[in-house]
Amino acid sequence: MLDISGLQVIYEDNHLIAVNKPVGWLVHGDATGDTPLSEYVKAYLKIRYKKPGEVFLGVLHRLDRPVSGVVIFTRTSKALTRMNKLMQERAIQKTYYAVTAERPQPINGELVHYLLKDPQKNSVKAYAQTGRRTAKAKKATLQYELAGEMDGHYLLRVKPLTGRPHQIRVQLSEMGCPIVADWKYGHRETHPDGGIYLHCHQMSFVHPVKKEPIAISVDFPAHQYWNWFRCIIPSP
């Protein structure tokens, strides 16, 4: 039986369950064979509701392994279908925060690139909106704004309008503002847990069954730069 003591459930009803993903956890299984977050959530539901058989859990989206924050799963197939539709319609608003060591210029705006993932290297190449690019590259758009600054580090509020792999990481890097501790995209500082300073703070949408507005938020992790900026962003 999996040890679920480290699992932090931040929202739960009959249709959805949301957890706070720590840095270093996989959301879904991969070639490493490490136990993913989804299996811990299944174990939690099995124990909490005394389910004798297999537990259904729909994986709606993913966060990269070195990223922390809100991850939402669905508890029913109906909720999964409806939430996937909301995703496709871009009706789920996501708010991330990133810490960079470079001040963005301008301090707010919209970034548009075309992204191409290399599965072998698990990295993404960004092409400018204008100019030559491979036909397989997919359009990626995000909005950002400077939310705070302290001692040569900058807190950016980021709202991705598309959901491409590594999108925020590579687009901020292309802007000249790689995320602190993100070695893959140009930064050389380290994170105490081996992650990067990118956090999914909130996801908001209309509940797929209850049809009520809902916002699921989680506070920053307890690490150096996040602690600096905690006073700027109120706790959920």
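The values are calculated or read from the model by the stated rules, or taken from the named source; none is laboratory data. Everything quoted here is computed from the prediction, not taken from an experiment. Glycine also receives a Cβ, built like all others from the backbone with ideal geometry; neighbour counts cover every protein chain displayed.
Brief remarks on what is shown
- Test result for GLN88, of a type outside the set (Gly, Ala, Ser) and in contact with an Asp or Glu (Cβ under 7 Å, 6 or more places away or on another chain): no
- Residue within segment 35-55 that is part of a strand (DSSP E or B) and either without any contact (Cβ under 8 Å) to a residue 60 or more places away in the chain or crowded, with 19+ Cβ neighbours inside 10 Å (or both) present: no
- Members of segment 56-86 that are farther than 18 Å from PRO160 by Cβ, buried (at least 20 other Cβ atoms within 10 Å of the Cβ) and among the polar types (S, T, N, Q): THR74
- Considered as a group, the residues in segment 165-196 that are within 11 Å of the chain's Cα centre (by Cα) and in a loop (DSSP other than H, G, I, E, B) include one that is surrounded by the fewest Cβ atoms within 10 Å (Cβ to Cβ), and that residue is PRO165.
- Condition check for GLU212: more than 19 Å from ARG103 (Cβ to Cβ) and more than 19 Å from the chain's Cα centre (by Cα): yes
- Residue in segment 213-232 that is farthest from PRO104 (Cα to Cα), counting only those that are assigned to a loop (DSSP other than H, G, I, E, B) and in contact with a strand residue (DSSP E or B) (Cβ under 7 Å, 6 or more places away or on another chain): VAL218
- Note on segment 134-164: among residues that are of a type in the set (A, V, I, L, M) and assigned to a strand (DSSP E or B), the one that is modelled with the lowest pLDDT is MET150.
- Filtered residues of segment 197-221 (kept if under 11 Å from SER68 (Cα atoms) and surrounded by fewer than 18 Cβ atoms within 10 Å (Cβ to Cβ)): ASP219
- Residue within segment 113-121 that is under 17 Å from the mean Cα position of the chain (by Cα), surrounded by 15 or more Cβ atoms within 10 Å (Cβ to Cβ) and within 27 Å of TYR40 (Cβ to Cβ) present: no
- Here HIS61 passes the criteria (1) within 17 Å of the chain's Cα centre (by Cα); (2) not in a loop (DSSP other than H, G, I, E, B) except the one numbered (2).
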